[in-house]
Structures are given as C-alpha cells and as structure tokens.
There are 4 protein chains.
Amino acid sequence: MLEALKKEVYEANMKLTEYGLAPFTWGNASGIDREMGLVVIKPSGVPYADLSPDKMVVVDLDGNCVESALSPSSDTATHLALYRAFSEIGGVVHTHSPHAVAFAQAGRDIPAYGTTHADFAYGDVPCAEALTDEEIESEYEKNTGLVIIRCFHKRKLDPLAIPAVLVKNHGPFTWGKNAQKAAENAAVLEIIAGMAMETEMLGGRTPVGDKLLAKHYLRKHGKNAYYGQK
Amino acid sequence: MLEALKKEVYEANMKLTEYGLAPFTWGNASGIDREMGLVVIKPSGVPYADLSPDKMVVVDLDGNCVESALSPSSDTATHLALYRAFSEIGGVVHTHSPHAVAFAQAGRDIPAYGTTHADFAYGDVPCAEALTDEEIESEYEKNTGLVIIRCFHKRKLDPLAIPAVLVKNHGPFTWGKNAQKAAENAAVLEIIAGMAMETEMLGGRTPVGDKLLAKHYLRKHGKNAYYGQK
Amino acid sequence: MLEALKKEVYEANMKLTEYGLAPFTWGNASGIDREMGLVVIKPSGVPYADLSPDKMVVVDLDGNCVESALSPSSDTATHLALYRAFSEIGGVVHTHSPHAVAFAQAGRDIPAYGTTHADFAYGDVPCAEALTDEEIESEYEKNTGLVIIRCFHKRKLDPLAIPAVLVKNHGPFTWGKNAQKAAENAAVLEIIAGMAMETEMLGGRTPVGDKLLAKHYLRKHGKNAYYGQK
Amino acid sequence: MLEALKKEVYEANMKLTEYGLAPFTWGNASGIDREMGLVVIKPSGVPYADLSPDKMVVVDLDGNCVESALSPSSDTATHLALYRAFSEIGGVVHTHSPHAVAFAQAGRDIPAYGTTHADFAYGDVPCAEALTDEEIESEYEKNTGLVIIRCFHKRKLDPLAIPAVLVKNHGPFTWGKNAQKAAENAAVLEIIAGMAMETEMLGGRTPVGDKLLAKHYLRKHGKNAYYGQK
C-alpha cells in the first residue's frame, strides 16, 4: 500500500538527518496521497538509522492509523491540520534546526534581507502567535497546526509562496509539493535564518526591497520563471 | 568483572568524541553498578582512539581503585559525589563542549527558551555557585560535586527532571539512567545552549512559558508520556 | 570544442560545493577563452552531482549560446559583463556563501582588518550600490554586472588587486586569472568575511594599516612577491 | 639528515590541516634540533596534500638554508627568533585559525575565562603590540618574532606557561616542547578563543580567578601534576 509514497517519505526523513537538521529523533517528514486522502509519516521516536520505507506509518486525514505496527510521529496532528487547510501542498516537514529555532524562540519573523531568501520565499517567514494555555492543554499538536493556519489567513499569506513558518518558542514547519521538497525547504530555511542573524550582527536591518524580492522569487517560481532547465 | 558495564561506559566515552563534544582527552563518562556499589570510568588523559572496554577503570564509591593498571579520570571524585547524592542516576558525563562552557564561563543558567529545551529538561539548566578558595585548594574535584548537589538542594531541583548542570567558570556535567543516556544528554545540552545563545543574539529573552514547558517535558518523560513507541 | 576549458570550469564548479560555498544549485563558475571570445559556464539549476565537463555551456560575449543542449546559468549576463569590463580576468564565480552574503545584506564593505585579508586583497572588499528599480526590471543580470563595474570605476579599484565584490542584498562575485582561482577566491572571501564579523563582535574596528596591508599583499602578489616557490 | 625531525615536522604540518586550522597553504609548523642548532620547517606555499617528510626544509638559526631544493616558509625568520629567545621550546606553529585571528584583529588578549583555558595556559594569552612602520618595512618576519619576545619580556611571561601569542592584526603563533605539541596548542588556542568570544556574547567578562586558574594549570602541568597516567 502506497509503496512509492512510503519510499519518498522515508527518503525525505533521511534527508533531514543528512542535512544535519535533525539530531537524534528530532524531526519528521510526511507526504500525502490526495486522491486516497492518506498521509504517510515517520514513526514516533525511531532513530533515523533504524528507519526503512516499510516502517513509515499510514494515517487518514482524521489521524486514524490505517496501516502500521508503529505509532506515528507525535506531531502528526499538526501535519494533518496543514494538509487539510493548505490543499495544494504534498509534503510537510518539522525540524528543530538551530537558527530557525532561535528565531522562533525570539518570537520573530525571519526578515527577507536578500536574494537567497527571495529565491525561496516571497516575503518574510512569519512567526505565528503563541498558543493559548487552553490550546496547549487540549489537542496541542492539532492546535499547533491551527495557529499556523490562522497566521497565514490573518496575514493573507499564500502557503505556496511562503513555504515555511515558525511556531513561537518551538521551531519551524516547512512544506512543498512533496515530502522531498518540504525537506529541501527545511534546509534552505535554516540557511536563510543563519544569514539573517549574521546580517543583524553586522548592523543590517534593511529588507531586500519589493522589486528585488519579486525579481528573484519570480525568476525561480511561477509561469515566467527562467531559472533552471525547461 | 563488570564486563557489560565496561563496554557500555567505553561506548559512552566514544560517543563523546563522535558527537564532537570532547576534543583531545577532554571529557569523561562513567557508569555505576548500584548493587555492587562500583563505578566504571574513563582512565585519565588517555586519547579516545587508544581506549578499549578493558582499559576502563573500576573504583568504589569512596574512590578506591578496585581494578585497573590505569589511573581513573582526574574528575572521578566529582562523579562519585553525584552518584552518592543522586541515588537514581546510573551514568555521569563531563565535557568541555563550547556553548555550554560559554554559559558556565558567563556564570549563567541556560534559560528554557523553547520546546527543544523542554523536551530535555523541566526548567532552566542551573549554573552552580563558584567554589570558595578553600574548596578549590582541598579536595577540589569532590567539592565540585558538592557545589552541584548544593545547587540542586537549594533550588529544590529534581536531578531526574534537570539532567545537567554548569559548574561556574568550568563546564557542564550531565547524567542519566545510564552512561549512554548521560552522553546523549551532554550532546543535547550543547545544542540547547547554542540555541539559547542565538535566541539572545536575536533579542529574545522570553522563557518558554510554564504550560508549554510542561507539555513538552511531560510529552516525552514520565508516566503519561506519549512520544515514541510503547 | 574547448575541452580543456570545459574540464577546468567543471572542476571549479565542483570546488564550490566541495568548499561548502554552494548548497543545492546556488553558485556558478565560468572561464573564458580570450582568443576565441567564448565563455564556458555552468548550466542553470543542475545539481552539482549531475554535472560533467560536457554539460558545461559555451556562450559568446554577447550571451549567444554557441554549444549546448542546456541553458546557461541565469547569472550568465553578469559574468559576461565582468569579462567585457575586466579584460585581464579569466574566471568568474558567484556564490551565496553565508558570511559574505551577510555583509552584502547589511550593505557593507568587508573591512581589511588583518593580514589574512591583505594576503587576498589589496584593500576593503567593496559592496556595490543597490540596483535601481529600473535596473532590476530590465536586464537584471547584466545590470548586476554593470553596478559592479561602476563601483570599481568610481572607487578607482583595480579588479586584479581586489578580486571580489559584494552585490547589495544579494551576495558575492569573485574572479581570478582562471576559473579555479576564482573559486579559490570565493572560498577565501568567505573566510575573511567570517573573521571580520568575529573581529567586530570582539569590539575590533581598526583596519590593518596601510603598511601591513601593503607588506602582506605584496609579499604574495606582484613582481616582488617572495611567498611560495619560484 | 634529521630524518626523524623531518617526519615529526611533516606530521605536525599535516595536523594543522587535519584540525581545520590551515586552509589552503596558510599555516606552518617547525621543529628544532637544539644540539645541531638546525630547524626543520614547511616549504613556502606548498599545498599540504603535496607535502612529504623529505620536502621539509632545513635551515640554521641564522636562516641559512642547509638542505632543500625548496624555499622555506616565508615566516621562517619569526620561528627562528622565537627559537633563539625561548631556549626551552622545541616546536613552533603559525596559523590563521579564525577565532584566534579575530582576537588578533581586535587587538585583544584572550582572557582566561575558565578551566579550559587554565588547562592550557597559566594566564591570558597576550596580544603583542603592533609593529612600527619601520619594523614592517625591514625584516618584517624577524621583527614579528621580536615584538612577540618583547611582549613576553615586558609582561614577565614564561613562554612555557603561556604557549601562545597573538600578533596584532595578524594571527596566532604557538609553541611547545616539539612540533606536535605546538600544533596541538594551536588547536586548543582556537577552541579557547571561540569559547571566550561566546562567553562575552553572553555578557560574561569575569576571569576564572587566580585559585581556579592555578588549580587547573598545575593539575595538568609541572611537578605536582596529577592529570593523566604516570
């Protein structure tokens, strides 16, 4: 069942550790089969070295375990909320990569300071509002997804144009057309977070500017993109 | 004698260098057999590449060398003081990992700024008071253990919930149910110390909040934990 | 056609990833055959692992694709502008290496704080002025080259003595007598940018001084150089 | 001639690149045979990968090349000045390791903030005064040695107890009983420089204290040392 997706999600999870984004068991990648309405995700707390495609867990969009001897990632409900709200995404990733976590712990958006950022996201990467005590106490993981979605709705952000978010005092979630792309976005997010921090250490606080932001984002994304091969 | 424990302590010592926490000979791991009242610890000043399980040193809880041609770690008396005071721990580790040392040299607790910290420790990681001149001059290593214990008693901290401490102007000690877990805790401590430093560089100074701290700590630890596999 | 140059440019591109300067597909190296007036450059958006000498793209100095099934780097027009203006250079490199990007995003020159810098460049590495909105909207990549050239003309800099520049809110370009040297210069630039940042974090703001700058630069470069083997 | 010393000096040079202290050709190690009054040193500008024991250059204490087809390191005169002045040292190393360079470029001593420092040096690592313009223009490398020596004399420092120095706006020199130990000291210096920088970023500025400094230094060095094996 879903062999191809399991393999892809397995490989995306392995990318997290290969990129150095997920020490120990801290990080998880998932992918969705939209037609079947099923999500494949990392099992909870299993070391990357012990993973294999057949250990990936299959859940439906309500979180019911469809197939697996193992429990799914404890963050599964966050992934599912994102899949339900952002209908065009095919993969979700969560990590505790350090520079992104630092912005999340500081409760700050990652400002778009340059073209490296613009190549990745069409604007600042937002830091969502903190969860209320009630949201933490009941259905915490689902509510984590809901504060992300609320943040994107309130700020009128397009999740395809901004493929990442920070959860306050927690860390980043990224997404993409599939699990592999979501993992790549997690790696890029970590790089641009580090660059933004160093920019500020050098006294820089000036955003990239709308024209340059648009130029670089649209050079790589959308129907007029001219980066890469046809 | 104690072959299994020697192997485990050997492997924990090797983890320190594998994690990049202990350049040269700077770091040591130990484990205890509570029934026999014996502690197995790294020999002093021996490069990691030259270690093997049979070179581990066995001492009793008073520091008497029970078996070994080699001298035990110069920090042995600190380990023993911790084993005597914290009856539930099975392994102790000392390193000079740089971010944790930086907090120790600044004489500061590592504040719990986010969930990465909360997944590891149920509150700030304390920096113990400096040793007095008298404590430095006589039985320095034992007294290093005693200032740690005093710190935990004064602040009413549970060593199982806060598995790490900083010794002022010196560096970190960590512990856990066994040597392997103490080594893993040393690695996690270094990561959260780095994240805390970067958080402050970004202007962040707001702790994670009691509810989120409890949620994440208890999600992973204790009888209601639901992280990982059953 | 141009087999030797293709091999050299291929190897220079591979150096970028080996030096850790170009994650994913972010970076490109080119080389020129001055006699033929042809430039060999990386194809756009192709992962480094998939490159080979025969995939390098040949273009003329007006940007016409002379030989290749693949599209050239999207930054080709910048490379060409530099080759046209700086007649003595034989290779050009563009990266998004993080410390150099941080200076570019802060809109700052990299000050010559010490001899490591002086061994590399005979003065500060300039950050060029931002492109105007018009320059961004039309022929962006060519205009990126033109602001670099304008910067060097205005400040009366010798591109052989200062083999690097920062494009504001973007990142570094470097050059050299060939593609290999341009790639090496990209690596050195990243190192001296990191050192300059750390110098400032320690409170340092004093330039290296004219005499020491000259001593080190001229010890390694020019007709009286005495560094290295004859 | 001097086969054993050449091998040792070769290995010390290779350690510099293995420790990550010397990218490209930036760094050199030497060793002395005090009885013969001969120094073995890295050839100038030769990549580490191309080195071998027989490529090491032999010079006398006046800098005359005794044996070699290759030119000695351009920094040879600095090494020789140190050997002449510090009669008990057997090896010298120069690198451009980044954290140490940052302190040198900031013109600052590396303060002894903790026990990691105290295990290595019995006090702050000094930053020597800048060379005068005259000292730069004539016999620059020899004068670099002389400002180091002047610094140690003025401050009444024992080069055995403080095995490192920073040359202002330049970088570190270290030494030891032999080339291998000098290389190890270069690695330790870089680590403690990084720790000192991070300590200050966390607001720490309090030195380790005389008693703790003495305890750790003397635990590892001198006739009452008890660290390591007998």
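Could you check D:Thr17 against (1) out of contact with any Pro (no Cβ under 6 Å at 6 or more places or on another chain); (2) surrounded by 14 or more Cβ atoms within 10 Å (Cβ to Cβ); (3) free of Cβ contacts under 8 Å to residues at least 24 places away in the same chain and say which number it fails?
(3)
Looking for whichever is crowded, with 22+ Cβ neighbours inside 10 Å and either of a type outside the set (A, V, I, L, M, F, W, C) or out of contact with any Leu (no Cβ under 7 Å at 6 or more places or on another chain) (or both) here; the options are B:Gly145, B:Gly107. Which one fits?
On inspection, the qualifying residue turns out to be B:Gly145.
If the requirement is being in contact with a Leu (Cβ under 6 Å, 6 or more places away or on another chain), touching a residue at least 12 places away in the same chain (Cβ under 8 Å) and either on the phi < 0 side of the Ramachandran plot or surrounded by fewer than 21 Cβ atoms within 10 Å (Cβ to Cβ) (or both), which of these qualifies: B:Gly31, B:Gly91?
Unique residue meeting the criteria: B:Gly31.
Within region A:150-161, is even one residue at negative phi and crowded, with 21+ Cβ neighbours inside 10 Å?
no
So that you can scan it fast, the table gives a plain yes or no per residue for (1) surrounded by fewer than 16 Cβ atoms within 10 Å (Cβ to Cβ); (2) part of a strand (DSSP E or B); (3) within 17 Å of the chain's Cα centre (by Cα):
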residue: D:Ala12; (1), (2), (3): no, no, yes
residue: D:Ala22; (1), (2), (3): no, no, yes
residue: D:Val40; (1), (2), (3): no, yes, yes
residue: D:Val46; (1), (2), (3): no, no, no
residue: D:Ala49; (1), (2), (3): yes, no, no
residue: D:Asp62; (1), (2), (3): yes, no, no
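Could you list, in sequence order, the residues of region B:195-227 that are under 29 Å from A:Glu200 (Cα atoms) and hydroxyl-bearing (Ser, Thr, Tyr)?
B:Thr199, B:Thr206, listed by residue number.
Would you pick out the residues in region D:64-99 that are over 16 Å from the mean Cα position of the chain (by Cα), more than 10 Å from chain C (Cβ to nearest Cβ) and small (Gly, Ala, Ser)?
Within region D:64-99, D:Ser68 is the sole residue that qualifies.
Counting only residues that are more than 10 Å from chain C (Cβ to nearest Cβ) and not hydrophobic (A, V, I, L, M, F, W, C), give me the helices (runs of 4 or more DSSP H) lying completely in region D:100-201 with at least 1 of them.
Those helices (runs of 4 or more DSSP H) span D:115-118, D:140-154, D:179-201.
In the set C:Leu16, C:Leu70, which member is among the hydrophobic types (A, V, I, L, M, F, W, C), in a helix (DSSP H, G or I) and touching a helix residue (DSSP H, G or I) at 6+ places or on another chain (Cβ under 8 Å)?
One residue alone meets the criteria, C:Leu16.
Does region D:219-230 include one or more residues that are surrounded by fewer than 19 Cβ atoms within 10 Å (Cβ to Cβ), within 26 Å of C:Gly114 (Cα to Cα) and either within 8 Å of another protein chain (Cβ to nearest Cβ) or modelled with pLDDT under 95 (or both)?
No; the residues of region D:219-230 include none that is surrounded by fewer than 19 Cβ atoms within 10 Å (Cβ to Cβ), within 26 Å of C:Gly114 (Cα to Cα) and either within 8 Å of another protein chain (Cβ to nearest Cβ) or modelled with pLDDT under 95 (or both).
Identify, please: which residue in region C:177-201 is free of Cβ contacts under 8 Å to residues at least 40 places away in the same chain and acidic (Asp, Glu) and is, among those, surrounded by the most Cβ atoms within 10 Å (Cβ to Cβ)?
C:Glu198
Looking at this structure, is B:Val101 out of contact with any Phe, Trp or Tyr (no Cβ under 6 Å at 6 or more places or on another chain) and either of a type in the set (Asp, Glu) or modelled with pLDDT under 95 (or both)?
no
Regarding B:Ala77, is this residue surrounded by fewer than 20 Cβ atoms within 10 Å (Cβ to Cβ) and part of a helix (DSSP H, G or I)?
Taking the combined requirement at face value, the residue does not satisfy it.
Sort through B:Ala49, B:Ala77 and tell me the only one that's more than 30 Å from A:Gly20 (Cα to Cα) and small (Gly, Ala, Ser).
B:Ala77
Only one of these conditions is not met by B:Leu131: (1) farther than 30 Å from A:Pro172 by Cβ; (2) surrounded by 24 or more Cβ atoms within 10 Å (Cβ to Cβ). Which number is it?
It fails just one condition, (2).
Tell me, which residue of region D:202-217 that is more than 7 Å from every other protein chain (Cβ to nearest Cβ) and part of a helix (DSSP H, G or I) is surrounded by the most Cβ atoms within 10 Å (Cβ to Cβ)?
Restricting to residues being more than 7 Å from every other protein chain (Cβ to nearest Cβ) and part of a helix (DSSP H, G or I), the top hit is D:His216.
Is it the case, given these coordinates, that D:Val147 is touching a strand residue (DSSP E or B) at 6+ places or on another chain (Cβ under 7 Å) and free of Cβ contacts under 8 Å to residues at least 60 places away in the same chain?
yes
Does B:Val58 fit the bill of being surrounded by fewer than 22 Cβ atoms within 10 Å (Cβ to Cβ), assigned to a strand (DSSP E or B) and either away from every other protein chain (no Cβ under 14 Å) or without any contact (Cβ under 8 Å) to a residue 24 or more places away in the chain (or both)?
yes
The values are calculated or read from the model by the stated rules, or taken from the named source; none is laboratory data. On a predicted model such as this, the values are computed, not experimentally measured, just so you know. Note that each Cβ is placed from the backbone with ideal geometry, even for glycine, and that neighbours are counted across all protein chains shown.
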